[in-house]
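Visitor: This is the structure I have questions about; it appears just below.
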Amino acid sequence: MTNKQKELVKATVPVLREHGVLLTTHFYKRMFTHNPELKNVFNMGNQQNSKQQTALAMAVLAYAEHIENPAVLMPVVDGIGQKHISLDIRPEHYAIVGGHLIASISEVLGDAATPELLEAWTVAYNQLAAIMSGHESKLYAKQVEKKGGWTGWRPFVVKEKVKESAEITSFYLYPTHGGEVPDFTPGQFLSVRLFLPELNLLQPRQYSISSAPNGEYYRISVKREAGTHLLADGMISNRLHNFVNEGDIIEVSAPAGGFVLNADSDRPVVFISGGVGQTPLMSMLESLVESGSKRPKTWIHGCRDNNVHAFKEMIEYWESKNADVKKHIFYSEVTGEESADWYNGWVDLNQLGDEIFAHETEYYICGPAGFIELHYRELLSKGIDKQLIHFEEFGPQTLQLN
């Protein structure tokens, strides 16, 4: 890019900051009108709740702000890339997206979208696409380098379907070819693709792997969604609950994701989860327990009540067999069926004593966006180094905490 082109892109930052979601909303509507086949690639639930439009607007804004040194965005690029490889996004998709993005800039900005500005953004987008697709090609290569690895979609059979609580059910996924499954790093997710008759579309959905690597299967643990007017995400989760049974075959992508356990560390570790956000943390804790790690491990979990508390017995068993495992459970509602070993209310780290805030400890947080932000800010206020706080927001990334 020329210096003049960079200045033109940077000059759009105030507009993107104020009207970015308007632009990306127009972009997605335009793209799905002209290329409706892409509705089978994108998660339409994230279109309905506007999270995808917001996430894209934030990404475009960040790129414009750092147009002179896009290398500083590599952590963001990796996060997006991990999601893309789980959805089988390929270079040809970038060409389609680019055409509609530039056209949307022209249509939304009107007379302000001069030929020079559109050319500058075309060059900028092509540069970004090259960065993204180049990074993703390396991620795809790493996938196939693993024993049994693959890219794209592969058939898996549901060999077991286990009810973990009133809301959460686990699905044990085995490859139909009968061979091994490649290892993954605890904390990673995979994508499941199902046909949704309600939308007449194939739809992908990411689910964290909730078990430790074992070479035989992947386990995902899915929450049933309540309500009659569900977004596509809820439709997929409920279709798994209601229509996918033991023996059925579903399409699955290879494990991906950057929210992973630092297995090389010997620091104490604290896992903080809300609701179904415990699933990637279950994989992390199980892998530490099975490896015989002596790292002090603290499990902090909050959910509505005892009936929806998944993996309760498993956590209790690990605590009973391992002196270095401690648990703290919070129930926001009281049903009368709880034991004495729980706290009433929302997760509150301050109830657990100052030892929870030891400065050498590593923290992993997963749950709703508000839950993550609350505990991230709390840990920072206690002097915890932000480099030791790891978190994952389910769905498109909209939290800006680091």
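Visitor: What single numbered condition from (1) acidic (Asp, Glu); (2) within 28 Å of TYR172 (Cβ to Cβ); (3) surrounded by 14 or more Cβ atoms within 10 Å (Cβ to Cβ) fails to hold for GLU373?
Guide: In the conditions (1) acidic (Asp, Glu); (2) within 28 Å of TYR172 (Cβ to Cβ); (3) surrounded by 14 or more Cβ atoms within 10 Å (Cβ to Cβ), GLU373 misses (2) alone.
Visitor: Restricting attention to the range 314-327, report how many residues are among the polar types (S, T, N, Q), touching a residue at least 24 places away in the same chain (Cβ under 8 Å) and part of a helix (DSSP H, G or I). Talk me through it step by step, then tell me what you get.
Guide: Initial filter on the range 314-327 (among the polar types (S, T, N, Q)): 320, 322.
Now narrow it down to the ones that are touching a residue at least 24 places away in the same chain (Cβ under 8 Å): 322.
With the extra rule that they be part of a helix (DSSP H, G or I), the set shrinks to none.
Qualifying residue count, the range 314-327: 0.
Visitor: A follow-up question, please. Got a sec? Which helices (runs of 4 or more DSSP H) wholly within the range 1-107 have at least 1 residues that are of a type in the set (Val, Ile, Thr) and more than 30 Å from MET235 (Cα to Cα)? Before the answer, list the steps.
Guide: On the way: elements: 3-11, 13-34, 44-48, 51-65, 74-86.
Passing ranges, in order: 3-11, 13-34.
Rundown of residues vs (1) within 17 Å of ALA95 (Cα to Cα); (2) in the same structural domain as LEU101 (by TED's automatic domain parsing); (3) among the polar types (S, T, N, Q), yes/no style:
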residue	(1), (2), (3)
ALA11	no, yes, no
ARG17	no, yes, no
LEU23	no, yes, no
LYS39	yes, yes, no
GLN47	no, yes, yes
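Visitor: Identify all residues within the range 224-251 that are in a helix (DSSP H, G or I) and hydroxyl-bearing (Ser, Thr, Tyr); write none if there are none. It would help to see each step written out before you state the result.
Guide: In the first step, residues of the range 224-251 are kept if they are in a helix (DSSP H, G or I); the result is 232-243.
Residue satisfying the conditions is SER237 alone.
Visitor: Does any residue of the range 252-268 turn out to be among the basic types (Lys, Arg), within 30 Å of GLN387 (Cα to Cα) and in a loop (DSSP other than H, G, I, E, B)?
Guide: We begin by selecting, within the range 252-268, every residue among the basic types (Lys, Arg); these are 267.
The next check asks that each one be within 30 Å of GLN387 (Cα to Cα); those that pass are 267.
Add one more test, that the residue is in a loop (DSSP other than H, G, I, E, B), and what stays is 267.
Yes, that holds for at least one residue.
Visitor: It is to be established whether one or more residues within the range 276-285 are in the same structural domain as PRO368 (by TED's automatic domain parsing), in a helix (DSSP H, G or I) and small (Gly, Ala, Ser).
Guide: Checked the range 276-285: at least one residue is in the same structural domain as PRO368 (by TED's automatic domain parsing), in a helix (DSSP H, G or I) and small (Gly, Ala, Ser).
Visitor: Kindly evaluate ILE272 against the criterion of being among the hydrophobic types (A, V, I, L, M, F, W, C) and in contact with a helix residue (DSSP H, G or I) (Cβ under 6 Å, 6 or more places away or on another chain). Walk me through how you get there before you give the answer.
Guide: Numbers: among the hydrophobic types (A, V, I, L, M, F, W, C): yes; in contact with a helix residue (DSSP H, G or I) (Cβ under 6 Å, 6 or more places away or on another chain): yes.
Spelling it out, ILE272 is indeed among the hydrophobic types (A, V, I, L, M, F, W, C) and in contact with a helix residue (DSSP H, G or I) (Cβ under 6 Å, 6 or more places away or on another chain).
Visitor: Consider only pairs whose beta carbons are under 7 Å apart and that are at least six residues apart or on different chains; among these, list those whose first residue lies in the range 78-94 and is in contact (Cβ under 8 Å) with a residue 60 or more places away in the chain and on the phi < 0 side of the Ramachandran plot and whose second residue is acidic (Asp, Glu) and in a helix (DSSP H, G or I).
Guide: Hits for this filter: ILE85/GLU136.
Yes or no, residue by residue, for (1) loosely packed, with under 14 Cβ neighbours inside 10 Å; (2) part of a helix (DSSP H, G or I); (3) among the aliphatic types (A, V, I, L, M); (4) modelled with pLDDT under 90:
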site: SER293; (1), (2), (3), (4): no, no, no, no
site: ILE329; (1), (2), (3), (4): no, no, yes, no
site: SER339; (1), (2), (3), (4): yes, no, no, yes
site: ILE365; (1), (2), (3), (4): no, no, yes, no
site: GLU378; (1), (2), (3), (4): no, yes, no, no
site: GLY383; (1), (2), (3), (4): yes, no, no, no
site: THR398; (1), (2), (3), (4): no, no, no, yes
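The values are calculated or read from the model by the stated rules, or taken from the named source; none is laboratory data. Predicted model only: the values in this text are computed from it and were never measured. Cβ sites come from the backbone with ideal geometry, for glycine too, and all protein chains shown count toward neighbours.
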